[in-house]
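Asker: Here you go, one structure.
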Amino acid sequence: MQMPQIRMQSQSAQLAIQTQPSYQSIQQPKADLQIKQNQATMTIRTTPGKLTIDQTQAWEEMGIKSVFRSNQENTQKAKQAVLQGIARVSREGDEMLQSLKGRNVAAEQAARKANPPPSKTYITYIPSNFSVKTHYQPGKTEIRFIENKPVIQARTQKPIISYHQGKVDFSLKQHNSLKIDFVK
């Protein structure tokens, strides 16, 4: 005995997909930047140094003196010479009184005056060490800076963005089907 058979043939549906990708572009224009820098101001203030040289003692030791100093010294020497002269005359007068005792005082005095002791000579044109006095007061320098801050002006630019949207297309490439046969 033959049994009837059912034969089925099926075909699935097929889809077709087409895509177009999206893309994006971004452009960033440069910022507009302006910088202005003024020069710094510098001031310099100096106090000059001061050198003082006192040569008075050196000149005096060389015999070169001021009129006032010369007059003062000559006056002092004259007073001393007068006092020494008075003392000598007084001493010689006292010695003359000794002549009464048989002493030849006049000859002794004449011999002393005829042969005076040698005068002392000095080299006076060379001043002594450290006879020139110096004093130095150093100068001062003061430097000041006044800085000027920079002036910055910046203008930003917005970015340029473009976006293209993608697409997806669906289509039916193949329809589904079902075929049923009866075979006896």
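The values are calculated or read from the model by the stated rules, or taken from the named source; none is laboratory data. Bear in mind the structure is a predicted one, so any value in this text is a computation, not a measurement. Using ideal geometry, Cβ is built from the backbone for each residue, glycine included, and neighbour counts are taken over all protein chains shown. Keep in mind that these areas ignore ligands, DNA and RNA; they rest on the heavy atoms of the full protein, side chains included. Shrake-Rupley method; radii C 1.70, N 1.55, O 1.52, S 1.80 Å.
Asker: Once you've got the GNM for the chain with C-alpha springs shorter than 10 Å, pick whichever of Glu142, Glu73, Glu108 has the biggest mean-square fluctuation.
Answerer: Among Glu142, Glu73, Glu108, the largest mean-square fluctuation in the Gaussian network model of the chain belongs to Glu108.
Asker: Now a separate question. Under a plain spin-label model, where a point goes 7 Å from the Cα along Cα-to-Cβ, how far apart in nm are Ala78 and Asn104?
Answerer: Taking the simple label geometry, Ala78 and Asn104 are separated by 4.0 nm.
Asker: Label-point separation (nm) for Val183 and Asp169, each offset 7 Å from Cα along Cα-to-Cβ?
Answerer: Roughly 4.2 nm, to one decimal.
Asker: Compute the angle between helix 67-98 and the longest alpha-carbon principal axis of the chain, please, reported from 0 to 90 degrees and rounded to the nearest 10.
Answerer: So the inclination is approximately 30 degrees.
Asker: Measure nothing fancy, just the Cα-based angle from helix 105-114's long axis to the longest principal axis of the chain, in degrees from 0 to 90, nearest 10.
Answerer: Rounded to the nearest ten degrees, it is 40.
Asker: Pull out the extension gain between Asn176 and Ser90, defined as 0.36 nm times the separation in residues minus the alpha carbon to alpha carbon distance; nm, one decimal. Could the numbers behind the result be given before it?
Answerer: Numbers: separation 86, 0.36 × 86 = 30.96 nm, distance 17.27 nm.
Full-extension gain reported as 13.7 nm.
Asker: Send over a whole-number figure in Å² for the accessible area per residue of the chain, probe 1.4 Å. Don't skip to the end; give the middle numbers.
Answerer: Values: 17340 Å² over 184 residues.
Value for the chain: 94 Å² per residue.
Asker: Something else now. In the structure shown, do any of Lys50/Lys149; Lys79/Lys101; Lys79/Lys120 have a Cα-Cα gap over 28 Å, and if so which?
Answerer: Cα-Cα > 28 Å for Lys50/Lys149; Lys79/Lys101; rest within.
Asker: Take every Cα-Cα pair in the chain and report what % of them are more than 20 Å apart. Mind dumping the intermediate values first?
Answerer: On the way: 14215 of 16836 pairs.
Considering the chain, 84 percent of its Cα-Cα pairs are separated by more than 20 Å.
Asker: I need the semi-axes of the equivalent ellipsoid of the range 69-121: take the C-alpha gyration tensor, multiply each eigenvalue by 5, square-root it, list largest first in whole angstrom. Walk me through the numbers on the way to the answer.
Answerer: Values: eigenvalues 179, 45, 5 Å².
Each semi-axis is the square root of five times an eigenvalue, giving 30, 15, 5 Å.
Asker: Can I ask one more? In whole Hz and in residue order, list the ³J(HN,Hα) couplings for the range 174-184 that follow from phi through the Karplus curve 6.51 cos²θ - 1.76 cosθ + 1.60, θ = phi - 60°; x for Gly and Pro.
Answerer: Residue by residue, the range 174-184 yields 9, 7, 7, 8, 9, 10, 10, 10, 9, 10, 9 Hz.
Asker: Still on this structure, I have one more. Hey, any idea what % of the chain's accessible area is carbon plus sulfur with a 1.4 Å probe?
Answerer: Details: 9580 of 17340 Å².
So the carbon and sulfur contribution to the accessible surface is 55 percent.
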